[in-house]
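Taking it in order: structure first as structure tokens, then the write-up.
The values are calculated or read from the model by the stated rules, or taken from the named source; none is laboratory data. It should be emphasised that the depicted structure is a prediction, and the values quoted were computed from it without experimental measurement. Cβ placement follows ideal geometry from the backbone for every residue including glycine, while neighbour counts extend to all protein chains displayed.
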Amino acid sequence: MQYTTIDYYNKKFFVKIINKDRIDNIDTLFSHIEMLRKLEHPYIRKCYGVAEDNTHFYIIDELIEGIDLKMMAKKAGGVLPIKDAVKYSIQIAEALQYTHSFTPPIINCDINPSNIFIDINDNVKLVNFNSAIVYIPGCQVTTCLGGTRGYAPPEEYYGEITPRTDIYSLGIVMHQMLTGVDPGKPPYETPHICSINPLLPRKLDYIISKCSKVNPDERYQNCGDLIRDLKNVFPSET
């Protein structure tokens, strides 16, 4: 896949260029794009649609001016300020609460720092729903392998994908923002944040630990409860 930007009526767009010869199922591509076009949320990159010529499809998205969370953390020395990490976590959770509210819910399946941009207004933009699926209760999804190692929960590889799948990944992202520990590198562990930095709020330690339980039944069951607890970390400022 190639990328470019275009100007149209004094507005810039981000364009993904896909060679038609490399697409196995055009119907699947168009149904995925139609799913993305439904998403209208301030913390999610807008997909405007698709154009084509004889050899390529052109997926036209909102152009985000900003920096991804991975690069932002790197520039900050690996760890973000606590209040910034909480703010971004709330916004990500609100975006996921929105996608999970669809009937049936839309599961991102690949929440990780490279897919989270911080725009020039210091707000989150989720920019990648390439691995997203529609959640059907009771349906075993064993082919959803789009998640990123270290951020994807166990069930993404062998079990039922649910909204709690995204909650797990967000918990790992929060852990990395606050500790600098990369879950995709050995020893592939995310110890309690307060064991790494005792000055971090114990409320956040509890929240992150609950998000990232191996057993989905022990996690937050929805983003609404997660958002409530995140806002209570600094209640006077949310």
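Here's the yes/no breakdown for (1) closer than 20 Å to ALA93 by Cα; (2) under 20 Å from the mean Cα position of the chain (by Cα):
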{"site": "ALA152", "(1), (2)": "yes, yes"}
{"site": "THR165", "(1), (2)": "yes, yes"}
{"site": "GLY184", "(1), (2)": "no, yes"}
{"site": "LEU200", "(1), (2)": "no, no"}
{"site": "LYS203", "(1), (2)": "yes, no"}
Can you find even one residue in segment 180-194 that is among the basic types (Lys, Arg), assigned by TED's automatic domain parsing to the domain that holds GLN221, at pLDDT 95 or above and more than 19 Å from LYS87 (Cα to Cα)?
no
If the requirement is being modelled with pLDDT under 95 and among the β-branched types (Val, Ile, Thr), which of these qualifies: THR142, THR99?
THR142
I'd like to know if segment 106-114 contains one or more residues that are among the aliphatic types (A, V, I, L, M), assigned by TED's automatic domain parsing to the domain that holds LEU230 and more than 18 Å from PRO216 (Cβ to Cβ).
no
How about segment 1-99: which strands (runs of 3 or more DSSP E) wholly inside it have at least 1 residues that are more than 30 Å from LEU200 (Cα to Cα) and touching a Lys or Arg at 6+ places or on another chain (Cβ under 6 Å)?
2-8, 47-52, 56-62
When residues of segment 213-228 are limited to those that are buried (at least 16 other Cβ atoms within 10 Å of the Cβ) and touching a Pro at 6+ places or on another chain (Cβ under 8 Å), the one nearest to THR190 (Cα to Cα):
PRO216
Among (1) surrounded by fewer than 12 Cβ atoms within 10 Å (Cβ to Cβ); (2) assigned by TED's automatic domain parsing to the domain that holds ILE208, which single condition is LYS11 missing?
(2)
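So, of the residues in segment 23-45 that are of a type in the set (D, E, K, R) and over 15 Å from TYR98 (Cβ atoms), which turns out to be surrounded by the most Cβ atoms within 10 Å (Cβ to Cβ)?
Out of the qualifying residues, it is GLU34.
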Please count how many residues of segment 12-37 are touching a Cys at 6+ places or on another chain (Cβ under 6 Å) and among the basic types (Lys, Arg).
1
Need at least 2 residues that are hydroxyl-bearing (Ser, Thr, Tyr) per element, so show me which helices (runs of 4 or more DSSP H) inside segment 142-238 make the cut, counting only ones lying wholly within it.
155-158, 163-179, 202-211
Could you list, in sequence order, all residues of segment 8-35 that are closer than 12 Å to ILE60 by Cβ and of a type outside the set (Val, Ile, Thr)?
TYR8, LYS11, LYS12, PHE13, PHE14, LYS16
